[in-house]
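A.B. asks: Pasting a structure below so you can have a look.
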Amino acid sequence: MKMKKRKLIFLIFVIALFVGVISRIMYVNITSTRPPKVYYPMGETIEYTDDFLFNPMDSPIGYTVNIKSASLMTSQDYMEKYEIKQEDLPLPEYEVASYVIDLEVEFSNINSEKGINPSIYTLLSDFDGLVIEQNLFGALYEQPQIIQGISLEKGETKTYHLPYCYNGSENIPFFDVYDYLKNSDYLYVLSQYPTERYITVTVKDET
């Protein structure tokens, strides 16, 4: 009888502890300060600040960015548009994504001694984050292995065509990559901490 009573007391204690932990987590989530969000339109020149994505060292302070346009197209059309040949691909053993969003981006170095790495900046879709298709980017900008970054002289401005692609398997039953990319809304992520900063991106279908 005493053993059953001890088990009951222990069970009540465990349940009370569990409820307390869950309540504390819910309280922290409700009362925690969420980063403020700022949205910019396409076509506006935006200066990078000390806000950052993952690490304060990542922030390319001294650079500006301006998204001029965004076009959905097949990778084959992208290659033809920018005269990329199959033998130009730095990683020919990897299959190129079927579709890309050609993001026309103008970068300017207004006061920086460093470069900027575009591969860390994702293009958020409805349910996923699109990444740069490294094979196409490497071929277009002659970077042999992986994206090494962009380095501009002070006062220099240059336009890049960044090929963003779906970051996942395209061979999923009942999933159409083209339909997904065509119907998503997009945000170009500038920073996450301490302020979330985004550029709203409107994609034109050119398939």
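The values are calculated or read from the model by the stated rules, or taken from the named source; none is laboratory data. These numbers come from a predicted model, not from an experiment. Reconstructed Cβ throughout: ideal geometry from the backbone, glycine too, with neighbour counts over all protein chains shown.
A.B. asks: Please state which one of TYR180, TYR188 is touching a residue at least 24 places away in the same chain (Cβ under 8 Å), more than 24 Å from LEU53 (Cα to Cα) and not in a loop (DSSP other than H, G, I, E, B).
C.D. replies: Selected residue: TYR180, the only one of TYR180, TYR188 that is touching a residue at least 24 places away in the same chain (Cβ under 8 Å), more than 24 Å from LEU53 (Cα to Cα) and not in a loop (DSSP other than H, G, I, E, B).
A.B. asks: Could you please find all residues in the stretch 106-139 being touching a Leu at 6+ places or on another chain (Cβ under 6 Å) and either in a strand (DSSP E or B) or of a type in the set (D, E, K, R) (or both)?
C.D. replies: ASN109, LEU123, LEU124, LEU130, ILE132
A.B. asks: In addition: Does the stretch 152-165 hold any residues that are surrounded by 15 or more Cβ atoms within 10 Å (Cβ to Cβ) and farther than 20 Å from LYS81 by Cα, and which are they?
C.D. replies: Within the stretch 152-165, just LEU152 meets the criteria.
A.B. asks: Looking only at the stretch 54-68, count how many residues are surrounded by 16 or more Cβ atoms within 10 Å (Cβ to Cβ), under 29 Å from TYR94 (Cβ atoms) and in contact (Cβ under 8 Å) with a residue 60 or more places away in the chain.
C.D. replies: Qualifying residue count, the stretch 54-68: 2.
A.B. asks: Determine if the stretch 172-187 includes at least one residue that is of a type in the set (Gly, Ala, Ser) and at positive phi.
C.D. replies: no
A.B. asks: Take the residues of the stretch 79-105 that are among the hydrophobic types (A, V, I, L, M, F, W, C) and in a strand (DSSP E or B): which is nearest to LEU136 (Cα to Cα)?
C.D. replies: In this case the residue turns out to be VAL100.
A.B. asks: Whether any residue in the stretch 71-78 is outside any loop (DSSP other than H, G, I, E, B), surrounded by 17 or more Cβ atoms within 10 Å (Cβ to Cβ), polar (S, T, N, Q) and touching a residue at least 60 places away in the same chain (Cβ under 8 Å) is what I want to check.
C.D. replies: Scanning the stretch 71-78 turns up at least one residue that is outside any loop (DSSP other than H, G, I, E, B), surrounded by 17 or more Cβ atoms within 10 Å (Cβ to Cβ), polar (S, T, N, Q) and touching a residue at least 60 places away in the same chain (Cβ under 8 Å).
To keep it simple, each residue is scored yes or no on (1) over 24 Å from GLY62 (Cβ atoms); (2) crowded, with 21+ Cβ neighbours inside 10 Å; (3) modelled with pLDDT under 90.
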site: LYS81; (1), (2), (3): yes, no, no
site: LEU91; (1), (2), (3): yes, no, yes
site: GLU95; (1), (2), (3): yes, no, yes
site: ILE110; (1), (2), (3): no, no, no
site: GLU133; (1), (2), (3): yes, yes, no
site: PRO144; (1), (2), (3): yes, no, yes
site: ILE147; (1), (2), (3): no, no, yes
